[in-house]
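The structure appears right after this line, and notes come after that.
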Amino acid sequence: NEKRVESAVIDTLQRTTDPLGAFYDARMRPLKPGDSLSFNLFDDKKCFPAGVEIADGGVLETRLGTFRTIKVIPKMESTGLFKRAGGLEIYLSADPRHTPLLVRSKLPIVGDVVIELVKATPPLVAR
């Protein structure tokens, strides 16, 4: 059994990153409601401009405690898993760590998906 390997050359925009790299980059910046960030993303064999808007996420109660949050709202040409997804929202702690506490999305066929952080090392400090 020979394994078939595909290769391709894809033109990219300057400073292109993948969605996970863009998310990490956003978390490392000082973020406040009203901010917006722009990225050039590569995903699903495509390169496209994308961005996020930062909003006040309010107070969020989780299994780890109660936290003041900021809400990250991606603005992009949806591809891959989130193609045709609606209302993706990522809630980060409002402290400098910007720890992802909760993710909410609507996925085709699957329905509403909620992902909640249940353990953090080192422990998070609730408000």
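The values are calculated or read from the model by the stated rules, or taken from the named source; none is laboratory data. Note that the coordinates shown come from a computational prediction; the quantities given were computed from them, not determined experimentally. No Cβ is skipped: glycine too gets one built from the backbone with ideal geometry, and neighbour counts run over all protein chains shown. Note: areas computed on protein heavy atoms with side chains; ligands, DNA, RNA excluded. Shrake-Rupley method; radii C 1.70, N 1.55, O 1.52, S 1.80 Å.
Key figures
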read-out	value
The stretch 1-105, relative contact order in percent, only Cα pairs under 8 angstrom and at least six apart counted	19 percent
Summed side-chain charge close to Ala8 - residues other than Ala8 whose Cβ falls under 12 Å, Lys, Arg +1, Asp, Glu -1	0
Accessible surface, 1.4 Å probe, highest first, among residues Leu20, Leu13, Leu107	Leu20, Leu13, Leu107
From phi via Karplus (6.51, -1.76, 1.60), per-residue ³J(HN,Hα) for the stretch 20-28 in Hz, x at Gly/Pro	5, x, 5, 5, 4, 4, 4, 5, 7
Amide H contacts under 5 Å for Ala94, placed H, 5+ residues apart	Arg68, Thr69, Ile70
The stretch 90-127-the stretch 3-40 distance, computed between alpha-carbon centres (Å)	20 Å
Within straight-line cross-link reach of Lys46, lysines at Cα separation under 19 Å, skipping those fewer than 8 residues along the same chain	Lys75, Lys83
Net charge contributed by nearby residues that have their C-beta within less than 9 Å of Arg104 (K/R +1, D/E -1)	-1
Net charge, Ile115 excluded, C-beta distance under 14 Å - Lys, Arg +1, Asp, Glu -1	+1
Within a Gaussian network of the chain (alpha carbon springs, distance under 10 Å), most fluctuating of Gly111, Gly21, Gly51	Gly111
